[in-house]
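Coordinate-derived values only; no laboratory data. Everything numeric in this text was worked out from a predicted model, so none of it was measured. Cβ: placed from backbone, ideal geometry, glycine included. Neighbour counts: every protein chain shown.
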Amino acid sequence: MSRGRQQRTNRTPTTLEASALRPMNVLAIAVSAISPTTSVFLIYGDGLEIAGTGVVWAFVIGSAIAVCMALCYAEVGSVFPSAGGAYTIVRRAIGPVWGGVTTVLFLLLGVVSTAAILVAAATYLSSLVGSAIPTRWLALAMMALITALSIGKIAPASWVAAAMLALELVVIVVFTGVAFGHISGATNPFTEPVTVGHQDALVGVGIVGIFAAVGPALFAFNGYDWPLYFSEETAGSRRAIPYAVVVSAVLAVVVECLAVIAATLAIRDLPMTIADGSPVELLARHLMGPVGAAILVAGVVVAMFNTGLVANLGYARAYYAAARDGLLPRQLQLLFGRVSPKSRVPVRGFLFLFAGNGLLCMVVSLHKLITFTGVVIATVYLLVAMSAIICRIRDRSLARPFRMPLWPLPPLIAIAGVVVTLWTQEARDLAIGAGLTVAAAVGYLMYRRRLPGRLPPPATPPDNPSAASA
């Protein structure tokens, strides 16, 4: 028996499958997690409703925060490679209490963000085929299919995601090109952002209104950290993971900002567009006709399904890492901390995600899911950016396969942008997010002595990320 075969045979059912992915697979997963098509068709309407044509500036500001955050994730993730991703970064840089808080927020994100995406996908699918099946049941059926695809080996799922990604990039590029070809000139979002006021009169949008839409924009860009959650399953140099983080973020920023700018410049009737439940679909019908819009919407449904799939793949791995590392109660450690002996994936995590997202698909509105998710994501960003500063100063002796340029500007810009963004969000979302964060921090402080320590890695970590698990 070959040495490699012996290693595969001797693995315990508590480890992920090492070297199951190539760097290009991980990059495809990251771009699919961000999903420029999903982001624009899902988030643009909320941003337009909040800030009017100021949504353009909201996405520009959000893109600056996203790139800075990607650099933070890339550097600290290269020092602490683990399937835990953001949780591992915060835990090892700041400590187990705040690592536990990040874990709780990720548990929450896992059962909120996918539900928001699938409800939107089901809404578009219903409008496309005129299904008599209620939208929420369609979303639940999509979640069931995603779960079925997730519980198999990761490599086939990554190729499915890559194929759907190619289709969705065509969709967003075509829409952007058509929209740029039909600029209306009705408004100028760069110099005079406006929204709809009393009796459909156009009124100016200030900086507070623009920053209020940055929260949803952060949701739109979120996902570039996804390569980190596959660190233990990716072959090749440890430099591949951080570069995948940065490349996916830059690609998403370019594609999404161009699409948002094009869509906003193509608006002819702002009150009617804001009032429509699916403003991008409305624009597509006006610009491309019913047949072209139908083809576009079909591509959007595929893109949203793909985003739900790769989101599911990442969240279950974060749960697995937190349970394996002792950051969850014992009952949850037993639930999430093992993988299937056959597929080497955290099947129980996927079943939990199915139950949580399935429930939210049935009972919560899409708008509430999007705005609240933006607050939770911003909170995680704040913790990761602080971790990047602490790690660079305190752990300067550790090897860094990736070093962010322009230090310390990226984490400082990210922190400032996130703080202002949180300050402008809805009071209800902030209250819920703050309450959950404080409750998680108090809970982990109470059990601080039972938690594992910060556990810094060796000063010279191995080149293979699968050998450097937490």
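Can you give the FRET efficiency for Ala141 and Val208, using 1/(1 + (r/R0)^6), R0 = 41 Å, r = Cβ-Cβ distance, to the nearest 0.05?
FRET efficiency, Ala141 to Val208: 0.50.
Could you work out the relative contact order of segment 20-449? I mean the mean sequence separation of Cα pairs under 8 Å and 6+ apart, divided by the number of residues, in percent.
Result for segment 20-449 is 36 percent.
How big is the charge dipole of segment 212-273 about its Cα centre, in debye rounded to the nearest 20, if each Lys and Arg gets +1 on its Cβ and each Asp and Glu gets -1 on its Cβ?
Result for segment 212-273 is approximately 160 debye, rounded to the nearest 20.
Please state the Cα pair-distance histogram of segment 20-449 with 10 angstrom bins from zero: what percent is in each bin?
5, 23, 34, 26, 10, 2, 0
Which distance in nm do the two modelled labels at Trp159 and Thr191 give, with both placed 7 Å along the Cα-to-Cβ direction?
5.4
No solvent, one uniform scatterer per C-alpha: report log10 I(q)/I(0) for segment 103-210 via the Debye equation at q = 0.10, 0.11 1/Å, two decimals.
Those come out to -0.56, -0.67, one per q.
In debye, nearest 20: dipole of the chain around its Cα centre with unit charges on the Cβ of K, R (+) and D, E (-)?
That gives the chain a dipole magnitude of about 2420 debye.
With unit charges on the beta carbon (Lys/Arg positive, Asp/Glu negative), name the residue among Leu351, Met304, Leu422 whose Cα is farthest towards the positive pole of the charge dipole of the chain.
Value computed over the given set: Leu351.
Which value in nm describes the separation of the simple spin-label points at Leu409 and Asp269, placed 7 Å from the Cα toward the beta carbon?
Each label point lies 7 Å from its Cα, and together they span 4.5 nm.
Please arrange Met304, Met386, Met69 by how many other C-beta atoms lie within 10 Å of their C-beta, fewest to most.
The most exposed by this proxy come first: Met386, Met304, Met69.
Distances longer than 17 Å among the Cα atoms of segment 280-411: what percent of all pairs is that?
Summing the P(r) tail past 17 Å for segment 280-411 gives 76 percent.
So how tilted is helix 113-129 from the main axis of the chain? Cα-based, degrees 0 to 90, rounded to 10.
Its long axis makes an angle of about 40 degrees.
Give me Ser150, Ser387 sorted ascending by neighbouring Cβ count inside 10 Å, so fewest comes first.
Exposure proxy ranking, most exposed first: Ser150, Ser387.
Starting from the Cα-Cα distance between Val250 and Leu445, subtract it from 0.36 nm times their residue separation and give me the gain in nm to one decimal.
Stretched fully, the Val250-Leu445 segment lengthens by 66.5 nm.
Sorted by average packing, counted as other Cβ atoms within 10 angstrom per residue and highest first, what order do 252-263, 373-384 take?
Order by mean packing, descending: 373-384, 252-263.
For Thr424, what charge total do you get from the other residues with a beta carbon under 15 Å from its beta carbon, if Lys and Arg give +1 and Asp and Glu give -1?
-3
Give me Val363, Val247, Val339 sorted ascending by neighbouring Cβ count inside 10 Å, so fewest comes first.
Ascending Cβ contact count within 10 Å gives the list Val363, Val247, Val339.
Any idea how far apart Ala434 and Ser397 come out in nm if each label point goes 7 Å out from Cα toward Cβ?
Result for the modelled spin labels: 4.1 nm.
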